[in-house]
Amino acid sequence: MSWVLIIFAVIFCVHDITEASHNTNLTPTSTSSDDVACTKTDVIAARESFCPAQCRCSPLDGQNVLTELMVDCSGVQFNQSTSSQLSQNVTQLLSRCASELLELTITNTPITTVPEVVCNLSKIRSLNFNYNQLTSLPSNCFTRMLNLTSFSALNNRLTSLQVRYDVTMK
């Protein structure tokens with residue numbers, strides 16, 4: 001008798017699961033990231049839409065589009081309003097189609113902090129923030145970048161750096 005009850009319970013559960021899957025819309029739900037299955041065309045569109053005004057964002061073609069991004073604002077005059085807009089544009093640019101980035105360069109801008117979205121670039125190998133106005137770096141940002149092998153922040157206003165000590169007991 002107990003086997004009959006177990007078999008009945010299993011059949012009943014499988015039936016409920018099958019019914020639920022037929023009655024549920026199984027389309028993907030949106031996530032906090034706008035970086036789902038981006039193509040080269042998506043990356044180029046994001047760069048053209050969110051590259052800060054008068055700055056150059058590259059590359060816009062070729063094999064490196066998915067893995068490299070350079071934002072260069074040399075020669076651009078910024079005021080308080082355009083500096084704020086620049087930070088917003090850089091954040092939007094790095095929030096879209098950036099998960100495959102291996103190299104990121106942001107130079108010659110008035111940004112004072114590294115955008116938090118940079119900390120989510122888990123595949124990044126090289127970061128170049130030369131010739132900005134950086135005064136600080138996000139806490140624990142670089143500890144999440146396990147592939148980071150190169151970091152440069154020449155000619156900024158940094159007063160301290162995050163240091164991580166790995167102590168392994170054997």
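Odds and ends about this structure:
- Odd one out for Asn25 among (1) modelled with pLDDT of 90 or more; (2) out of contact with any helix residue (DSSP H, G or I) (no Cβ under 7 Å at 6 or more places or on another chain); (3) not in a helix (DSSP H, G or I): (1)
- Apart from one condition, Glu103 fits all of (1) within 17 Å of Ser152 (Cβ to Cβ); (2) at pLDDT below 95; the exception is (2).
- Residue count for the stretch 108-138, restricted to those that are in contact with an Asp or Glu (Cβ under 9 Å, 6 or more places away or on another chain) and among the β-branched types (Val, Ile, Thr): 2.
- Inclusion of Ser33 among residues that are surrounded by fewer than 16 Cβ atoms within 10 Å (Cβ to Cβ), modelled with pLDDT of 95 or more and assigned to a loop (DSSP other than H, G, I, E, B) is not warranted.
The values are calculated or read from the model by the stated rules, or taken from the named source; none is laboratory data. Treat the numbers as computed from the prediction; the structure is a model and nothing was measured. Cβ: placed from backbone, ideal geometry, glycine included. Neighbour counts: every protein chain shown.
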